[in-house]
1. Could you list all residues from the range 61-76 that are open to solvent by 20 Å² or more (accessible area, probe 1.4 Å) and within 23 Å of the chain's Cα centre (by Cα)?
2. From the list 161, 151, which one is touching a residue at least 60 places away in the same chain (Cβ under 8 Å) and open to solvent by 20 Å² or more (accessible area, probe 1.4 Å)?
3. If you check 162, 114, which single one turns out to be farther than 22 Å from residue 37 by Cα and out of contact with any Pro (no Cβ under 6 Å at 6 or more places or on another chain)?
4. List the residue pairs whose Cβ atoms are under 8 Å apart, where the first residue sits in the range 127-138 and is open to solvent by less than 20 Å² (accessible area, probe 1.4 Å), the second is part of a loop (DSSP other than H, G, I, E, B), and the two are 6 or more positions apart or on different chains.
5. Considering only the range 148-183, state which residues are touching a strand residue (DSSP E or B) at 6+ places or on another chain (Cβ under 7 Å), among the small types (Gly, Ala, Ser) and closer than 19 Å to residue 104 by Cα.
6. What are the residues in the range 1-18 that are open to solvent by less than 30 Å² (accessible area, probe 1.4 Å) and either free of Cβ contacts under 8 Å to residues at least 24 places away in the same chain or assigned to a helix (DSSP H, G or I) (or both), if any?
7. I'd like the residue in the range 184-194 that is surrounded by fewer than 20 Cβ atoms within 10 Å (Cβ to Cβ) and touching a strand residue (DSSP E or B) at 6+ places or on another chain (Cβ under 9 Å) and, out of all such residues, is farthest from residue 207 (Cα to Cα).
8. Restricting attention to the range 24-57, and to residues there that are open to solvent by less than 60 Å² (accessible area, probe 1.4 Å) and more than 18 Å from residue 159 (Cα to Cα), which single residue is nearest to the chain's Cα centre (by Cα)?
Amino acid sequence: MSVILHVERDHQAVFDDEDFQFVVEQAAASKDLLHFLGTVINRYDSREEILHGKPGEGRNMAAWANSFLRDRRARAAGVKLSHRLEGLYDRFDPAHVRGCLIEAMVERRLRLRGRYAGPSAQLENNVRVEITNGTHYESSTSVDVVGHDGRRGECHDCKARGRSVKTDLVKELVANLVPRGFLIGIATAESAQAASWAIEASGFQVPQSVTVTGPESWWEGLPLWKT
């Protein structure tokens, strides 16, 4: 079986931004900061909320860093992330930034864990998946993060909240890629439980072959293939 990943990055300017790369690098270095950034993506929808907090609450992102993170160094790093994220939300559509951050953090966990680092391996974000040799298949739209080691692989749909998950795409991937050695993941900035509830409230029953992950489980829970 041959797996071809066709790159389709609509928001490359976000991925290339210096502040975006700084945020991803910092979050990738620490379980606590990775979890913190995921909660921030879920918590703050605009630059105004990062600066002043959500209406009626008054706790901005810097204050959230000081309450969420446990040690002084992590709290200082969290405050720095808030300044960089403020700039990103100012220059780009915050919804695009949030989605790109989840994709980048999921991809980084797969890359750092070394699952998709061999000579036959592929790891990309925002790609159409094409399978050749035998029955042909190509995904109907791009998949947020895809890794394949030459034998097995995984696909992740990455959304800020469970209610935004592309359930039709998930169904398609389960039907066409699970039989070909892929695992399917849904990554959201909500907790895995909250995201699962939101997905199922939309009328979609999450199949056993699909794993929902939230920020609390990205560090140990990714990649989906462990061996």
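1. Scanning the range 61-76 gives 62, 64, 68, 75.
2. 161 is the lone residue from the list that is touching a residue at least 60 places away in the same chain (Cβ under 8 Å) and open to solvent by 20 Å² or more (accessible area, probe 1.4 Å).
3. Answer to the selection: 114.
4. 127/8; 127/142; 129/139; 131/1
5. Correct list: 153, 160, 162.
6. Our first condition is that a residue be open to solvent by less than 30 Å² (accessible area, probe 1.4 Å); within the range 1-18, this holds for 3, 5, 14-15, 17.
The answer is 14, 15.
7. Residues of the range 184-194 that are surrounded by fewer than 20 Cβ atoms within 10 Å (Cβ to Cβ), as a first pass: 191, 193-194.
Next, from what is left, pick out any that are touching a strand residue (DSSP E or B) at 6+ places or on another chain (Cβ under 9 Å): 193-194.
Numbers: 193: 14, 194: 16 Å.
In this case the residue turns out to be 194.
8. Filtering the range 24-57 for residues that are open to solvent by less than 60 Å² (accessible area, probe 1.4 Å) and more than 18 Å from residue 159 (Cα to Cα), the one nearest to the chain's Cα centre (by Cα) comes out as 28.
The values are calculated or read from the model by the stated rules, or taken from the named source; none is laboratory data. Note that the structure is predicted; figures quoted are calculated from it, not measured. No Cβ is skipped: glycine too gets one built from the backbone with ideal geometry, and neighbour counts run over all protein chains shown. Accessible surface is based on the protein model in full, side chains and every heavy atom, while ligands, DNA and RNA are left aside. Shrake-Rupley method; radii C 1.70, N 1.55, O 1.52, S 1.80 Å.
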